Amino acid sequence: MTLFYKTIESPVGKLTLVANAHALVAVLWEAPNRTNLDAQSADGHHPVLGEAERQLSEYFAGKRVQFDLPLEPRGTDFQKKVWQSLRTIPYGKTNSYLDIARAIGSPRACRAVGGATGRNPLSIVVPCHRVIGANGALTGFGGGLETKAKLLALETQANGPAMR
């Protein structure tokens with residue numbers, strides 16, 4: 001399967017958007033990540049990549065609270081179940097790994113949920129930054145804890161945007 005990519009600037013650093021012919025498959029941080037992808041071709045005009053860039057720009061400008069993109073993350077069935085649950089965490093809110101484990105019907109799988117969350121290939125779009133420790137502490141994040149704090153701060157501003 002051919003993958004296409006586009007690197008964009010954002011308030012949290014460079015992000016590489018990766019898509020197949022029909023859907024976004026990854027949003028990657030500039031730093032090394034845990035997502036393995038096949039060879040890619042640069043494509044600044046790919047419609048999915050362009051739409052992802054537009055929606056991310058709106059998100060960073062405080063004008064978008066939900067993404068509406070075709071997504072095809074690569075992972076195990078368990079990982080995909082966790083990633084789908086992450087998408088239900090409302091903008092400006094957080095859940096713990098235990099909350100996610102309970103939501104997917106595996107209340108004893110907190111560590112496995114943490115592992116799946118850490119392998120989320122669609123950072124920001126699938127909001128793994130909204131997952132915190134049971135004690136409320138910020139925990140691991142592919143973009144770094146400082147970036148996680150920035151994303152959460154963006155989402156918790158007093159005058160958040162209207163739902164889109």
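The values are calculated or read from the model by the stated rules, or taken from the named source; none is laboratory data. None of the values given here were measured: they were computed from a predicted structure. Only protein heavy atoms, including side chains, enter the accessible area calculation; ligands, DNA and RNA are left aside. Shrake-Rupley method; radii C 1.70, N 1.55, O 1.52, S 1.80 Å.
Quick rundown of the values:
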quantity: Helix-only mean residue ellipticity at 222 nm for the chain, each DSSP H run of n ≥ 4 adding -39500 (n - 2.57), per residue, nearest 500; calculated: -9000 deg cm²/dmol
quantity: Average accessible area per residue (Å²) across the chain - probe 1.4 Å, nucleic acids and ligands excluded; calculated: 52 Å²
quantity: Calculated over region 62-128: convex hull of Cα atoms, volume per residue (Å³); calculated: 79 Å³
quantity: Sulfur and carbon atoms: percent of accessible area, region 87-130 [1.4 Å]; calculated: 46 percent
quantity: Two-decimal Rg to Rh for region 1-151 - Kirkwood Rh, Cα set; calculated: 0.95
quantity: Mean Cα-pair separation over length for the chain, i.e. relative contact order, pairs under 8 Å, 6 or more apart, %; calculated: 23 percent
quantity: In order through region 79-86: 3J(HN,Hα) via Karplus (6.51 cos²θ - 1.76 cosθ + 1.60), integer Hz, x for Gly, Pro; calculated: 4, 4, 5, 5, 4, 5, 5, 4
quantity: Antiparallel content of DSSP bridges confined to the chain, in %, to 5; calculated: 60 percent
